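Enquirer: This is the structure I have questions about; it appears just below.
The values are calculated or read from the model by the stated rules, or taken from the named source; none is laboratory data. None of these values were measured; they are calculated from a predicted model. Positions of Cβ are generated from backbone atoms using ideal geometry, with glycine treated the same way; all protein chains shown enter the neighbour counts.
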Amino acid sequence: MNLLLVSKLARSARGINTIANYVGAADALGHRVAVFGEREAGFPDLPFSLDPSDFDFAVFVVYMPSDFPDLPYLAELLDGVPKSRRVIIDCTGRYNDTIRVEHDFNHLEKMDGHQSWEWIEAFQSIADRILQPTPSPRREDVGSFLFHGYDPRAEMHPFRSASEAARHWSSSDRKYGAAYVGHNWQRWTQIRRFVEAAATVSPPLGNSALVGWDWQRRPDWAVQLGIKGCDVDPELLDRLGVERLEPIPYAEVRGFLGNARFSPVVHRPLFNRLGLVTNRTFETFLADTLPLVMLPQEMAESIYGPDALPLVPGEDIAGRLTAIIRDPEPYWDAVLRVRAHLASQHSYEQRLSELVALLQR
Amino acid sequence: MNILFAMERRLDAGSIHALANYARAGRKFGHRIALYGNPDPGYPEVPFSTDLAGADFVVFIFESRLDWVPGLHLAYLLTRTPRSRRAIVDADGMYNPLLLDEDYDRNHGSERDQRRWLAAYGALADRIFQPSLRPQQPGVSPLPFYGYDPRGVIAGGVGKRVDIMHLGHNWWRWRELGGRLLPALERVRDRFGDICFVGLWWDGPPAWAAQMGLEDAFRSDPDRLRALGVRILPAVPYRDVVATMSAAHINIMTQRPLFRRLRLLTSKYFEVFQADTIPLVMLEHEHAAEVYGPAGRELVLCDDIAGKLRDVASRPWAYREYAAAVREHLAAHHSYERRVEELVGSLAGDLPAARTG
């Protein structure tokens, strides 16, 4: 099957890693995946096309309004591909009534000017089929499709046993005690809990690092618009010795996380409520780091399998970090079991096959 | 007829004032004319609607930017309105070959940009209008589009704080102002008191100009303006344009070179005559007469600009009479009621768009 993915690409945000993996998985499975648009120098390994007639389906991967192409491209796409051959993957739950969780929203009229009905009408105008990367979409007219996946070949250090992994982990010098790669958008509440807890661990973990946009300070536009989604406390981070670094390209994420002993897996509050998964849900397990899964237990279990539970700290983050440092092997055992689960249940080959099957229905 | 306009909303630029007038004049004839979008309290005179099912036509107004239509709206507009019920008003002459005027003003940054615009128009609609009496491209229909609101004329007697005003943004205007108008003003400076330029970018380009390769479009010389005693005042919202102009004895209307070459009409052509002022227009004589009637020739600043300004200062009453004659012409031939008729007629396909009288 030939699939044309339609999305605004960025080297350090949104679905780029997943999209790149679909291209690779398609090659392996005899399908063809390309990105709609003119060739972009920043993505030399991705195939691009402006000719929708070469493809069986146009798959819109939507995070934000700019994921819809500008003129003339959207018009040409809508003219060139019938509605029955268009599908939307709604990565952030836009296709719902407005939902607020803490200060996280699925519609941000203050930022992009779009009200709830606009998202819903636009999605219904574009495609007959709308999919969301959650096991349990809220609307009856939405299908479940997790979209993101796991590439076992990309594991930075494919250990053969938990003891080997634990030895390697305990003995290797690492620049950071903990690191998180992701932008400061609706994540501060959870990251704050993590860094505060990590600072109390004895013996000390060492410095931490946050990599992404807006960890330095709350941006001016957020202050002006009264948006609390990128709150941050620079003084606290300074006091705790947390470095803040600029975003890195998607291909460097796994390598960077290997500089840290721990890396938290966190989702936006909205995503936890809707059960939405992200690229990082899976990608963190590829890195040579110990993922601490700060997700609701039920969700962690449904994605990672029951063996993930030792990696879910619940409320006692410091206690779990301390326990892992004292005796890492059982936790690395959990990591390796989760990796095996992800490889067998969530590989990109499986994901792409699921998508093809959904589209053939 | 129910007409929905889709356009970029800008409080101090573009076509928003015309939209408010279309809505008002349309009501007289039983037409419903609105701007596509959610209600916006920033534009109290403009009715908004998102009812595409009830719209007979969607008319896109494009100025200098192609990417103002948000993707969500575009998807909705394109899928809910058949192509046969869409039209485009090409306000800035983008539907033309790449035009480079006097090695300065241009409609597109490159041939590639031009192709993208043409492809966008081609994908959106069959019917393209330009606010010109004589578009240069086959397939483009003339539609003056902008008009005159006799009810909006500010009566005489407004106190004058300014002698000469230029109201408009510094967008491809510096060469004409710096090369022609300012030298003339320098020669007659002693004859006039306060002179001010109202609008954006006279005191420097926006921060993003260089990044977009548009330094030339915003070029200016604030030191020279200061030396000449020209005050720079901030832009005003569309609803205050006529009242602001009315604070000056004389208003000078200029156009960027490309618009002059294409003879594109704008809101300012008419607003300057709604103001209580002596309007002087930097246009060619023939074009001024075509739009404004015979008296329009007398209000042209073209060859001897300094001499004309001296003459206006000496015989203001004569120029007020020319302006009054033009106002009569505009009321008869360029009212928004007439513009609405032209638009409705041309959309319905039973009326030539341009009837300029």
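Enquirer: Suppose the filter is closer than 25 Å to B:Y146 by Cβ and either within 12 Å of chain A (Cβ to nearest Cβ) or free of Cβ contacts under 8 Å to residues at least 12 places away in the same chain (or both); does B:R65 pass it?
Expert: For B:R65, the condition - closer than 25 Å to B:Y146 by Cβ and either within 12 Å of chain A (Cβ to nearest Cβ) or free of Cβ contacts under 8 Å to residues at least 12 places away in the same chain (or both) - is met.
Enquirer: Out of the residues in region B:291-320 that are small (G, A, S) and closer than 21 Å to B:A332 by Cα, which is farthest from the chain's Cα centre (by Cα)?
Expert: B:A295
Enquirer: When you scan region A:18-127 for strands (runs of 3 or more DSSP E) that lie fully inside it, which ones turn up with 2 or more residues that are touching a strand residue (DSSP E or B) at 6+ places or on another chain (Cβ under 8 Å) and within 12 Å of chain B (Cβ to nearest Cβ)?
Expert: In region A:18-127, A:57-62, A:86-90 are the strands (runs of 3 or more DSSP E) which contain 2 or more residues that are touching a strand residue (DSSP E or B) at 6+ places or on another chain (Cβ under 8 Å) and within 12 Å of chain B (Cβ to nearest Cβ).
Enquirer: So, one more: Report, by residue number, each residue of region B:107-122 that is crowded, with 19+ Cβ neighbours inside 10 Å and either more than 12 Å from chain A (Cβ to nearest Cβ) or without any contact (Cβ under 8 Å) to a residue 24 or more places away in the chain (or both).
Expert: If the condition is that a residue be crowded, with 19+ Cβ neighbours inside 10 Å and either more than 12 Å from chain A (Cβ to nearest Cβ) or without any contact (Cβ under 8 Å) to a residue 24 or more places away in the chain (or both), then B:N107, B:H108, B:Q114 are the ones that fit.
Enquirer: Something else now. Going through region B:235-278 one residue at a time, which ones are out of contact with any Asp or Glu (no Cβ under 8 Å at 6 or more places or on another chain) and of a type in the set (A, V, I, L, M, F, W, C)?
Expert: Hits for region B:235-278 are B:A243, B:A247, B:I252, B:M253, B:L262, B:L265, B:V272, B:F273, B:A275, B:I278.
Enquirer: Only one of these conditions is not met by B:A227: (1) under 26 Å from B:D101 (Cβ atoms); (2) out of contact with any Cys (no Cβ under 8 Å at 6 or more places or on another chain); (3) at pLDDT 95 or above; (4) among the aliphatic types (A, V, I, L, M). Which number is it?
Expert: Only one criterion is unmet by B:A227, namely (1).
Enquirer: Would you call B:A20 farther than 27 Å from B:L118 by Cα and either of a type in the set (S, T, N, Q) or not in a loop (DSSP other than H, G, I, E, B) (or both)?
Expert: Taking the combined requirement at face value, the residue satisfies it.
Enquirer: Moving on. Looking only at region B:69-87, decide whether some residue is of a type in the set (A, V, I, L, M, F, W, C), touching a residue at least 12 places away in the same chain (Cβ under 8 Å) and away from every other protein chain (no Cβ under 14 Å).
Expert: yes
Enquirer: Here is a list: B:L264, B:L258. Which entry is of a type in the set (A, V, I, L, M, F, W, C) and at pLDDT below 95?
Expert: Answer to the check: B:L258.
Enquirer: Ok, one more. Just one of B:A217, B:A275, B:A210, B:A288 is at pLDDT below 95, among the small types (G, A, S) and within 20 Å of the chain's Cα centre (by Cα); which is it?
Expert: Criteria check complete, one pass: B:A217.
Enquirer: So which of B:A332, B:A306, B:A323, B:A313 is over 30 Å from B:H31 (Cα atoms) and free of Cβ contacts under 8 Å to residues at least 60 places away in the same chain?
Expert: B:A323
Enquirer: Run B:E290 past the list (1) in contact (Cβ under 8 Å) with a residue 40 or more places away in the chain; (2) in contact with a strand residue (DSSP E or B) (Cβ under 7 Å, 6 or more places away or on another chain); (3) assigned to a helix (DSSP H, G or I); (4) not aromatic (F, W, Y) and report the number of the one that doesn't hold.
Expert: (2)
Enquirer: May I ask you to list the residues in region A:112-140 that are acidic (D, E) and either surrounded by 23 or more Cβ atoms within 10 Å (Cβ to Cβ) or in contact with a Leu (Cβ under 6 Å, 6 or more places away or on another chain) (or both)?
Expert: Residue satisfying the conditions is A:E118 alone.
Enquirer: Find the residue count for region A:121-142, including only residues that are farther than 18 Å from A:F271 by Cβ and within 23 Å of the chain's Cα centre (by Cα).
Expert: Of the residues in region A:121-142, 2 are farther than 18 Å from A:F271 by Cβ and within 23 Å of the chain's Cα centre (by Cα).
Enquirer: Something else now. Do we have A:W215 as of a type outside the set (V, I, T) and either surrounded by fewer than 22 Cβ atoms within 10 Å (Cβ to Cβ) or over 27 Å from A:V277 (Cβ atoms) (or both) here?
Expert: no
Enquirer: Give just the number: which of (1) surrounded by fewer than 21 Cβ atoms within 10 Å (Cβ to Cβ); (2) in contact (Cβ under 8 Å) with a residue 60 or more places away in the chain does B:N21 not satisfy?
Expert: It is condition (1) that B:N21 fails.
Enquirer: Continuing with the same structure: Any idea how many residues of region B:123-180 are away from chain A (no Cβ under 14 Å) and either among the hydroxyl-bearing types (S, T, Y) or part of a strand (DSSP E or B) (or both)?
Expert: Final tally of qualifying residues: 15.
Enquirer: Residues that are of a type outside the set (F, W, Y), within 22 Å of the chain's Cα centre (by Cα) and assigned to a helix (DSSP H, G or I): does region B:197-204 have at least one?
Expert: There is no residue in region B:197-204 that is of a type outside the set (F, W, Y), within 22 Å of the chain's Cα centre (by Cα) and assigned to a helix (DSSP H, G or I).
Matching residues to (1) within 11 Å of the chain's Cα centre (by Cα); (2) modelled with pLDDT of 95 or more; (3) buried (at least 21 other Cβ atoms within 10 Å of the Cβ):
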site: A:I248; (1), (2), (3): no, yes, no
site: A:G258; (1), (2), (3): no, yes, no
site: A:F262; (1), (2), (3): no, yes, yes
site: A:P269; (1), (2), (3): no, yes, no
site: A:N272; (1), (2), (3): no, yes, no
site: A:T284; (1), (2), (3): yes, yes, yes
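Enquirer: What are the pairs with Cβ atoms under 8 angstrom where one residue, in region B:24-47, is within 14 Å of chain A (Cβ to nearest Cβ) and over 18 Å from B:A13 (Cα atoms) and the other, located anywhere, is in a loop (DSSP other than H, G, I, E, B) and of a type in the set (K, R)? Sequence gap at least six, or different chains.
Expert: From region B:24-47, the pairs are B:G37/B:R9.
Enquirer: Being more than 22 Å from B:G178 (Cα to Cα), of a type in the set (K, R) and surrounded by 15 or more Cβ atoms within 10 Å (Cβ to Cβ) is true for just one of B:R297, B:R310. Which residue is that?
Expert: After ruling out the rest, the residue left standing is B:R297.
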